[in-house]
Amino acid sequence: MLLQARGLSKNFSGLVAVNSVDLDVAEGELLAIVGPNGAGKSVLFALISGIMKATGGSVYFRGEEITGLKPHLIARKGIGRTFQTTALFNQLRVVDNLAIGYRMRTSSGLFSTLLRTGKWREDTRRTMTRVAEVLEIIGLKEKAFHFASTLTQAEQRKLAIGIALMGYPKLLLLDEPTGGLTEEDTREISGLIARLHKDLKITICLIEHKMRMVMELAQRIVVLNFGSIIAEGAPEKIARDPKVIEAYLGVEHIADSQ
Ligand SMILES: Nc1ncnc2c1ncn2[C@@H]1O[C@H](COP(=O)(O)OP(=O)(O)OP(=O)(O)O)[C@@H](O)[C@H]1O
Ligand SMILES: [Mg+2]
């Protein structure tokens, strides 16, 4: 197993956001995590990536316990992530967003990034090589020197994924990467996710509400409801699971949603 969570829990003063979750992610798989609003999906990602401290339980990555490690150390171990709300530096160019966004995730703070220490300079050439590679992967080479604020919605999502790719992640956690996008843009981002999985062999955990996209992309689906896993399995099985339909999806929802 690439990632294992055992008994992972998070309480917020009385509210159980994540309730003793056991989650296995196999190397090479594309797993979708679905569930109604407030089910605990984003909190689960926050626990895995170290943004939030778990109330209980443990997380193992490549057999090593990473519970309680700082986010930048977890990122360096090979877990990349995007956030539900995209946080780009609008006043910076695409290339700077990649370089600085990456530094911020993998060093202990903005300060050391901005100080440009000797180590920083030494790393710069390597970073720029990776920036060029990532631009190619996300298809934003032509926009490399454009300001992030001038990008389309879909391009901004690609850039956010690009920042997560900078550190050569083995595991990529994507939190609603197409939330709020049009159908056409959704297809484009889906295509990128499929390529990352198939061509770059990156293991992917995808939080997504759009069931058509999930059914197309995912090899396995985990359903969260009120912080607990209520179903898990192949997409066809999940789509027919009465518990899932009752909790969240609804037959029409599966048929109608994109
Ligand atoms: N920092 C926080 N402080 C207190 N409660 C929080 C915090 N973050 C999340 N919660 C609560 O934890 C629960 C799970 O939230 P979470 O963001 O994981 O839901 P989600 O499944 O990602 O939903 P959505 O699909 O709407 O993004 C919710 O009840 C939410 O209000
Ligand atoms: Mg969420």
- line: Residue separation between Gln91 and Arg240 times 0.36 nm, minus their alpha-carbon distance, gives in nm 49.0 nm
field: Net dipole in debye of region 136-256 [+1 Lys, Arg Cβ; -1 Asp, Glu Cβ; about Cα centre; nearest 20]
entry: 460 debye
- prompt: Taking θ as phi - 60°, what are the ³J(HN,Hα) couplings along region 211-222 by the Karplus curve (6.51, -1.76, 1.60), each to the nearest whole Hz, with x for Gly and Pro?
  reply: 5, 4, 5, 4, 5, 6, 8, 7, 8, 8, 10, 10
query: By the gyration tensor of its Cα atoms, with a ≥ b ≥ c the square roots of the eigenvalues, what is the shape of the chain: rounded for a/c under 1.5, prolate for a/b over b/c, or oblate?
result: oblate
- prompt: Given +1 on the Cβ of Lys and Arg, -1 on the Cβ of Asp and Glu, and no further charges, what dipole in debye does the chain carry about its Cα centre, rounded to the nearest 20?
  reply: 1160 debye
- line: The long-range amide H neighbours of Ala54, using H built 1.01 Å from N in the peptide plane and a cut-off of under 5 Å, are Gly68
message: Between region 124-186 and region 1-30, how far is it from one alpha carbon centroid to the other, in angstrom?
response: 27 Å
Charge dipole of region 1-108 about the Cα centre (unit charges at C-beta), most positive-ward option of Leu98, Asn19, Thr55: Leu98
- line: antiparallel share of DSSP beta bridges within the chain, to nearest 5, in %, is 55 percent
- line: Along region 13-22, Karplus-curve 3J(HN,Hα) (6.51, -1.76, 1.60; θ = phi - 60°) to the nearest Hz, with x for Gly and Pro, reads 5, x, 8, 8, 7, 10, 10, 6, 8, 9
query: For Lys53, what charge total do you get from the other residues with a beta carbon under 12 Å from its beta carbon, if Lys and Arg give +1 and Asp and Glu give -1?
result: +2
- prompt: Which pairs break 24 Å Cα to Cα here: Lys77/Lys237; Lys41/Lys77; Lys158/Lys198?
  reply: Lys77/Lys237
statement: Sequence order, region 58-65: Karplus ³J(HN,Hα) from phi using 6.51 cos²θ - 1.76 cosθ + 1.60, θ = phi - 60°, Hz rounded, Gly and Pro as x, gives 9, 10, 10, 10, 6, x, 10, 6
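A short reminder: the numbers here are calculations on the coordinates, not readings from a lab. Please read all numbers here as calculations on a predicted model, not as lab measurements. Glycine gets a Cβ as well: all are built from the backbone with ideal geometry, and neighbour counts include every protein chain shown.
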